[in-house]
1. Taking region 26-76 as the region of interest, how many residues are of a type in the set (S, T, N, Q) and outside any loop (DSSP other than H, G, I, E, B)?
2. Give GLU254, GLU215 a once-over and let me know the one that is at positive phi, outside the structural domain of GLY160 (by TED's automatic domain parsing) and over 17 Å from the mean Cα position of the chain (by Cα).
3. So which helices (runs of 4 or more DSSP H) stay within region 269-370 end to end and still have 1 or more residues that are surrounded by fewer than 19 Cβ atoms within 10 Å (Cβ to Cβ) and at pLDDT below 95?
4. Residue check, LEU235 against (1) exposed (fewer than 15 other Cβ atoms within 10 Å of the Cβ); (2) at pLDDT 95 or above, all met but one. Which one?
5. From the list ASP63, ASP47, ASP31, ASP89, which residue is within 30 Å of ALA221 (Cα to Cα), of a type in the set (Asp, Glu) and in contact (Cβ under 8 Å) with a residue 40 or more places away in the chain?
6. Go through region 136-172 and count every residue that is of a type in the set (Ser, Thr, Tyr) and within 21 Å of GLN121 (Cα to Cα).
7. Please list, ordered by residue number, the helices (runs of 4 or more DSSP H) wholly in region 81-171 having 1 or more residues that are acidic (Asp, Glu).
8. Assuming VAL84 fulfils every condition listed in (1) closer than 30 Å to VAL15 by Cβ; (2) at pLDDT below 95; (3) among the hydrophobic types (A, V, I, L, M, F, W, C) apart from one, which condition is it?
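The values are calculated or read from the model by the stated rules, or taken from the named source; none is laboratory data. All values reported here derive from a predicted model rather than from experimental measurement. Every residue, glycine among them, receives a Cβ derived from its backbone with ideal geometry; neighbour counts consider all protein chains shown.
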Amino acid sequence: MMNILIVGAGLSGAVLGRGLAQAGHKITVIDSRSHVAGNCHTERCPDTGVLVHVYGPHIFHTDDVQVWDYVNAHAHFKPYKNSVKSTVDGAVYSLPVNLHTINQFFGKTLRPDEARAFIEQTQADTSITDPQSFEEQALRFVGRDLYEAFFQGYTEKQWGCAPSALPASILKRLPLRFNYDDNYFAHKFQGMPEQGYTAMVESILDHPNIDVHLETPYTPAMAENADHLIWSGPLDAYFDHKLGRLGYRTLDFERFTDTGDWQGCAVMNYGNREVPYTRITEHKHFAPWESHEGTVCYREYARACGPDDIPYYPIRMVEEKTMLGEYEALAAQTEGVSFVGRLGTYRYLDMDVTIREALDLLPQLIARFE
């Protein structure tokens, strides 16, 4: 039996802790926050009863059957379709950009084949053969008008830099559709845990071999009594930022409550750059099977992440990638520590990928410990 210390009670730490506990090891999980589940933490608003995604909305979506079965073993998932809207220049449109968006934006009634030809022949910049930036990717596939309406201002606010400075790969997450499908995701399995993500993670961590300590920041002395350390905190923080700080974007939330239905949908983007927030989320719509008279909304503002802020999105610009390579080399030389998850590997990971990577790492760790 190994004594294993896991730093971070998010998805990576919970899944690895559960698997190692089931293999007979003694697990201690610590987290500096007052709750488990990391940034997908959910809690009931005491005034309205609405289940609130405290650090912003999280919608579970995957094509991975094993991951879907895993989360359903720890929570009852209800079907959920993420249908995003966008307010641009005084009008509301459907996202991702689809046939309805195209017809409404250009004042047309195009069929799918007509819309495809219209975009390619009159909008797309076909002179761009190998898009290198976010901006080039957008101009090549949707053209300048749609790019400026739905992507440029939003992206500048979200990332704090010009879209021409961002890699093209970011836009590949945003599809262009030539039908009326407004489901933001295209995965086979999509849903929300009925009682929230925190209850799900609490279930994963509910094992006699797991001891959870909240409001417990990590100190190096804690690792002295552990046979192995699993680190899901920021990669650079483990090394005391001795090579510099990796860049992140963080989010500020302006929370407000009201009665009834405030905006009629879960997520409303704001594409114009003069609107300071990127979107407004109305949390009662993330659980449409519930009924509440009150409502809880967040205005979401993105900015650079400071030393005391919660990191959300790794920037991964050129300077971060260079520093990341140096930190990864340090991590590879560090014995007795596994670096995992979004923060520990400095990558943007969806929840299902986070769980998949933890499940894949488990047999390797178990074999090593044996």
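1. 6
2. Unique residue meeting the criteria: GLU215.
3. Where helices (runs of 4 or more DSSP H) fall fully within region 269-370 and carry at least 1 residues being surrounded by fewer than 19 Cβ atoms within 10 Å (Cβ to Cβ) and at pLDDT below 95, they are 318-333, 351-369.
4. Failing condition for LEU235: (1).
5. Residue meeting the stated conditions: ASP31.
6. 1
7. 112-118, 134-141, 143-146, 153-159
8. That leaves (2) as the condition not met.
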